[in-house]
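The values are calculated or read from the model by the stated rules, or taken from the named source; none is laboratory data. Just so we're clear, the structure is a prediction, and the values are computed from it rather than from any experiment. Quick reminder, even Gly has a Cβ in these numbers, built from the backbone with ideal geometry, and neighbours come from all protein chains shown. The protein model used for the area step is the full one, side chains on, heavy atoms only, and it has no ligands, DNA or RNA in it. Shrake-Rupley method; radii C 1.70, N 1.55, O 1.52, S 1.80 Å.
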Amino acid sequence: MRGGIPIGKIFGISIRLHYSWFFIFALVTWALAANYFPITYPSWSTAQAVTVGLITSLLFFASVLAHELLHSIVANREGIPVHNITLFIFGGVSEMTQEPDSAKHEFWMALVGPLTSIVLGLIFYGIELTSTNPFVAGVSYWLALINISLGLFNLIPGFPLDGGRVFRSIVWW
């Protein structure tokens, strides 16, 4: 995926934001600040809902980055260099230099992303359950739902989803 703004490197992998990412970031922030938080927490002021919406959006995209980063870390560990990750309107994409050379490598590279999302969702759910701060609980609850949903959705066995790659690796094996 070409284009985008470089924002740094993590584990030697360049991270970029595609221009379409700004549209989805604004859309998610607006949906949270104008709809979800005011309906779920009617006592919050508009400023509180907007602030929590921005924070939640940033943490959501950090979760998407973690999902993609784990794909890339496993690929690098298996000898498949990853040069960059680009976050864009539909999530993220890791730019690998080659395809996996075994079904086992393909399986673990594909599976680790959705597992990361599900684990993050469970962590956020635990934070929501134990938090006494309504802002932390509100952010954590939404992030728990969206991360678990993202992880499960990505396991659907069809391309270009991770589940399609998991399915392909099982057939390959």
Taking every alpha carbon pair in segment 74-146, what does the distance histogram look like in 5 angstrom bins from 0, in percent? 3, 15, 17, 16, 14, 12, 10, 7, 3, 1
Find which of 167, 154, 55 sits farthest along the positive direction of the dipole of the chain, computed with +1 on the beta-carbon of Lys and Arg, -1 on that of Asp and Glu, about the Cα centre. 55
Nearest-ten-degree value, helix 162-172 long axis tilted from longest Cα axis of the chain: 20
When the accessible area of the chain is computed with all protein chains present and a 1.4 Å probe, what percentage of it is carbon and sulfur? 72
C-alpha long axis of helix 103-130 to longest principal axis of the chain, angle in °: 20
Taking only C-alpha positions in segment 7-80, Rg and Dmax in angstrom work out to 16.0, 52
Please give the Cα centre distance for segment 106-153 versus segment 37-97, rounded to the nearest Å. 11
Using a Förster distance of 22 Å, how high is the FRET efficiency between residue 101 and residue 14, based on the Cβ-Cβ distance and rounded to 0.05? 0.40
For residue 78, other-chain or 5+-apart residues with amide H closer than 5 Å (H placed, Pro excluded) are none
Give the angle, between 0 and 90 degrees and rounded to the nearest 10, that separates the Cα long axis of helix 134-154 from the longest principal axis of the Cα atoms of the chain. 30
Note to self: with every protein chain in place and a 1.4 Å probe, segment 20-113 gives an accessible area per residue in Å² of 47
What number, rounded to the nearest 500 deg cm²/dmol, is the helix-based mean residue ellipticity at 222 nm of the chain, given -39500 (n - 2.57) per DSSP H run of at least four residues and division by all its residues? -21500 deg cm²/dmol
Given H placed on each backbone N at 1.01 Å, which residues far from residue 89 in sequence or on other chains put an amide H within less than 5 Å of it? 20, 21
Which values of log₁₀ I(q)/I(0), to two decimal places, follow from the Debye formula for the chain at q = 0.09, 0.17 Å⁻¹ with a uniform point scatterer at every Cα? -0.34, -1.05
